[in-house]
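Everything on this sheet refers to the single structure shown next.
The values are calculated or read from the model by the stated rules, or taken from the named source; none is laboratory data. Small disclaimer: the values here were computed from a predicted structure and weren't measured. Please note: Cβ atoms are built from the backbone with ideal geometry, for glycine as well, and neighbour counts cover all protein chains shown. Calculation scope for accessible area: heavy atoms of the full protein, side chains included, ligands and nucleic acids excluded. Shrake-Rupley method; radii C 1.70, N 1.55, O 1.52, S 1.80 Å.
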Amino acid sequence: MRLLFSIAVTAALGLSGPGAMATEPGPSLGAHVFLGQGEGLGSDPAVTPPMDTAANGSVLIAFNAGYAGNDGSLKDTYGNRWKSLGRAMTYANYGDRFDVKAYVVLAAKGGPGHQVSIAKPEQPKGELSLPFIEVRNATRVQAFAQNYADPALEVASKEITVDGPATLLAFWWGDGGVKRMTATPGDGFTLIDSFLQLPDESGVQGAVAWRQVDKAGTYQVHWTAAPVQGAALWIIAIR
């Protein structure tokens, strides 16, 4: 399934000048990181690399993809309370051994060296993937959708509708028994994190993309992946 890739991006909006009216900043992509632990190479707990988040005013998203029994509660550096977002989706063709789950924090506390950890009670050294994403100047998840796509060269998320400017996040979790692959988002989304070149021991492949939209509308994302495989898909709108 996966290994480690991280990147942090921050953005801010401002308006000034004669006669300009003060405006509240809109939601924007903040810091993000992707932890991937290969099979037999993992640790308990699994802990993301540190990143710097805003002191307040953010929404946080994280996923746990791997052994279904490695389902300890998420914890982070600043004591936020993580809640499930939607339902767990079980990977096809592996019995009930593997699944992927999403979590969210609203009104998050943050700061330097922010990390997320999760206990692994069933398979301490087992494969696990854990992306951790911050959306700044945000207060809520306005909409999200999840679906499990059958194997195809191109797979599509469900549609979601927003009523104003939003940060959209999309997640692809492939189910193929392969170790080298590509997963490319369309529909104006940009790939920000991925674990697609797996270690020889195997891992949990995953990819994260985002899109900033400045008006109300209905949105979805298509992913093109090779080799062909099924995938668990999420699309999330944060305002």
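Just to confirm, what accessible area per residue do you get for segment 36-155 at 1.4 Å probe, in whole Å²?
Here the per-residue accessible area is 44 Å².
Between Arg180 and Ala226, what is the spin-label point distance in nm, taking each point 7 Å from the Cα along the Cα→C-beta axis?
1.3
Putting +1 on Lys and Arg Cβ atoms and -1 on Asp and Glu Cβ atoms, find which of Ala119, Ala143, Gly40 reaches farthest to the positive end of the dipole of segment 39-160.
Ala143
In nm, to one decimal, how far is the Asp150 label point from the Ser43 one, both placed 7 Å along Cα→Cβ?
4.3
At most 10 other Cβ atoms within 10 Å and a DSSP loop assignment: could you name the trypsin sites (Lys or Arg not before Pro) in segment 78-178 that fit?
Qualifying residues, ordered by number: Arg87.
In the chain, if the dipole is taken from +1 on Lys/Arg beta carbons and -1 on Asp/Glu beta carbons about the Cα centre, which of Ser28, Ser84, Ala108 is farthest to the positive end?
Working it through, the farthest residue towards the positive pole turns out to be Ala108.
I'd like the carbon and sulfur percentage of the solvent accessible area for the chain, probe radius 1.4 Å, heavy atoms only, ligands and nucleic acids excluded.
Here carbon and sulfur together make up 52 percent of the probe-accessible area.
For the chain, compute the number of Lys pairs whose alpha carbons are separated by less than 15 Å, excluding pairs fewer than 8 positions apart on the same chain.
7
Using the heavy atoms of the protein chains and a 1.4 angstrom probe, tell me the accessible area per residue for segment 181-239 in square angstrom.
For segment 181-239, the per-residue accessible area is 34 Å².
Could you compute the net charge surrounding Ala216? Neighbours are other residues with a C-beta less than 15 Å from the C-beta of Ala216; K and R count +1, D and E count -1.
Net local charge, Ala216 excluded: 0.
Note down the nm distance, to one decimal, between modelled labels 7 Å out along Cα→Cβ at Ser84 and at Asp187.
2.5
In whole percent, what relative contact order does segment 124-239 give with Cα contacts below 8 Å and a gap of six or more residues?
Reported as a whole number, the value is 45 percent.
Find the relative contact order for the chain and round it to a whole percent, using C-alpha pairs within less than 8 Å whose residues are 6+ positions apart.
Here the relative contact order equals 27 percent.
What is the ratio of the Cα radius of gyration of segment 54-207 to 2.2 N^0.38 Å, with N the residue count, to two decimals?
Scaled against compact globular proteins, the figure is 1.06.
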